[in-house]
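**Student:** Just passing along the structure, written as structure tokens.
The values are calculated or read from the model by the stated rules, or taken from the named source; none is laboratory data. In this text, all values refer to a predicted model and were calculated from it rather than measured experimentally. Backbone-built Cβ (ideal geometry, glycine too); neighbour counts: all protein chains shown. SASA here: full protein model, heavy atoms, side chains in, ligands and nucleic acids out. Shrake-Rupley method; radii C 1.70, N 1.55, O 1.52, S 1.80 Å.
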Amino acid sequence: MVIEREYYEPHPIADIFPMLSNDELNVLADDIKENGLEVPITLFEGKILDGRNRFQACMIADVDATFVEYTGDDPLQFVVSHNLHRRHLNESQRAMAAARIANGSWGGYRGANGKIASCTERTQKNAADMLNVSERSVRSANKVKNNAVPEVIKAVESGKVPVSLAADLADAPAEKQKEVIAKDDKKAILAASKEIRKEMAAKRRQTRTDAINEAIANNTPLDGSLGTFAVIYADPPWQYDSSESDSRAIENQYPTMTLDEIGSLDVPGIAHDDAVLFLWTTSPKLQEAFQVLDAWGFTYRTCAVWDKEKMGMGYYFRQQHELLLVATKGKLPTPLPETRPPSVIRFPRGEHSQKPDVVYLMIEEMYPDLPKIELFCRSPREGWTAWGNQM
């Protein structure tokens, strides 16, 4: 152990963690001035690996610092372990440290004694585990580190602002970030971040919708007239093997179609790369409906139930409902929260298997700005393209 009076820079590994505030450094300096430096400062590669705050406090107190050389083989783990045990860091502060670990270059280091010290490359999950935080928090911290202004980063590292809140602020322009963080009031910052999150979500949604519309407008129509669509609504004339089939064919006012015939329709040719499909089916045809989704290139997401408010026929249950499956392809935005309808549609059964008109309104509210087509259409609706054997 040697006593020196020389300035040392912090090692890059040490900078994973934030420095103490000026007030905290002054408190530490007063303690060192009165009681001396109890824990020596650790040097590695001629720089401070552990003890940056103690070194600064010694300079403030005008006290000589004592030093030891690091002789271990994993300086990164050494720094993390000492900071976690010595400092009371909240989750957001640890997440920022984890983000630096996961995105840093921690190769081999040669210490003053000539020994090679290695630092294993850390993935985001490794870093999250090291700092005892969630990967989600690390992702938020990485966003803050890359996109936030210094004032926001400092607020997180000082423990004043949660990293999740700062990640929302990071979406805003730099001047807006500075304006919000200058409020220095957690409630005010929280309210502003929520507004920013809402604005950015709307902007991303509109950007995506505009891109889909632009792509659709530039597509060559499948048959020279239909074009391509982001919203597809279909009520196929399912063919039943039971005596119900004759009645079904009459009510549908369509010749029924086999599963292969429905599945072979060129729906992929009229579906945009980013699209949603609303597909009517009944309980007996549910398995076949999923096969149609696959054939048309869609992935099942959820369903709604139409309660007809009147029982029909059935071999196990007397049927009183039909199912409206929702499936997607690509990256179509989900509907805004305020436009998401309930999953149960209560509407009296009409004639000829007519579906409730309210479903049109639901779909139009969910996707007001995207082109729509109804397959197997009986009565064309204004604003929609219609296709069917009566068109």
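**Student:** Taking the Cβ-Cβ separation of E338 and E382 as r and a Förster radius of 30 Å, what is the calculated FRET efficiency to the nearest 0.05?
**Tutor:** My answer for the efficiency is 0.80.
**Student:** On a 0 to 90° scale, report how tilted helix 22-35 is relative to the longest principal axis of the chain, with both axes built from alpha carbons and the result rounded to the nearest 10.
**Tutor:** It works out to around 30 degrees.
**Student:** With 5 Å bins from zero, work out the P(r) of the range 328-391 over every alpha carbon pair and list the percent per bin.
**Tutor:** Calculated P(r), rounded to whole percents: 3, 14, 22, 22, 22, 12, 4, 0.
**Student:** Just the number, please: carbon plus sulfur as a percent of the accessible area of the chain, 1.4 Å probe, no ligands or DNA/RNA counted.
**Tutor:** Summing carbon and sulfur atoms, their accessible area is 50 percent of the total for the chain.
**Student:** How long is the gain from L84 to E151 if the chain were fully straight, where each residue apart is worth 0.36 nm and the alpha carbon distance is subtracted?
**Tutor:** The L84-E151 span can extend by a further 21.7 nm.
**Student:** Scan around E322 for amide H atoms under 5 Å from its own, H built in the peptide plane at 1.01 Å from N, and keep only partners 5 or more places away or cross-chain.
**Tutor:** Hits under the 5 Å cutoff: W306, K308.
**Student:** Sticking with this structure for a sec: Residue by residue, what Karplus-based ³J(HN,Hα) values in Hz, rounded to whole numbers, does the range 311-317 have, using 6.51, -1.76 and 1.60 with θ = phi - 60° and x for Gly and Pro?
**Tutor:** Karplus values, whole Hz, x for Gly and Pro: 6, x, 8, x, 8, 10, 10.
**Student:** Using a Förster radius of 25 Å, what is the FRET efficiency between E309 and Y240 based on their Cβ-Cβ separation? Nearest 0.05, please.
**Tutor:** 0.65
**Student:** On to the next question. D260 to K125: FRET efficiency via 1/(1 + (r/R0)^6), r the Cβ-Cβ distance, R0 51 Å, to the nearest 0.05?
**Tutor:** Once the sixth-power term is evaluated, E becomes 0.65.
**Student:** From zero outward in steps of 20 Å, how is the percent of C-alpha pairs of the chain spread across the bins?
**Tutor:** 21, 33, 24, 17, 4
**Student:** Roughly how many Å² is the accessible area per residue of the chain, as a whole number, for a 1.4 Å probe?
**Tutor:** On a per-residue basis, the chain sits at 54 Å².
**Student:** How tilted is helix 135-147 with respect to the longest principal axis of the chain? Cα atoms for both, answer in degrees (0 to 90, nearest 10).
**Tutor:** Computed tilt is about 70 degrees.
**Student:** What angle do you read, to the nearest 10 degrees and between 0 and 90, between the alpha-carbon axis of helix 186-217 and the longest principal axis of the chain?
**Tutor:** 50 degrees
**Student:** If you plug each phi of the range 287-298 into the Karplus form 6.51 cos²θ - 1.76 cosθ + 1.60 with θ = phi - 60°, what whole-Hz ³J(HN,Hα) values come out, in order, with x for Gly and Pro?
**Tutor:** Rounded to whole hertz, the list is 4, 5, 4, 5, 5, 5, 4, 4, 5, 8, x, 10.
**Student:** Any idea what the relative contact order of the chain is, in percent, if you count C-alpha pairs under 8 Å spaced at least 6 apart?
**Tutor:** In percent, rounded to a whole number, it is 10.
**Student:** Checking the table K178/K198; K285/K308; K285/K372 against a 21 Å threshold on Cα-Cα, which pairs fail?
**Tutor:** K285/K372
**Student:** Determine the shape class of the range 10-58: with a ≥ b ≥ c the square roots of the Cα gyration tensor eigenvalues, call it rounded for a/c under 1.5, and otherwise prolate if a/b is greater than b/c, oblate otherwise.
**Tutor:** Note, shape of the range 10-58 comes out oblate.
**Student:** Can you list residues from other chains, or at least 5 along the same chain, whose modelled amide H is less than 5 Å from the amide H of R301?
**Tutor:** Correct list: V326, A327, T328.
**Student:** Helix-only estimate, please: 222 nm mean residue ellipticity of the chain, summing -39500 (n - 2.57) across DSSP H runs of length 4 or more and dividing by its residues, to the nearest 500.
**Tutor:** -12500 deg cm²/dmol
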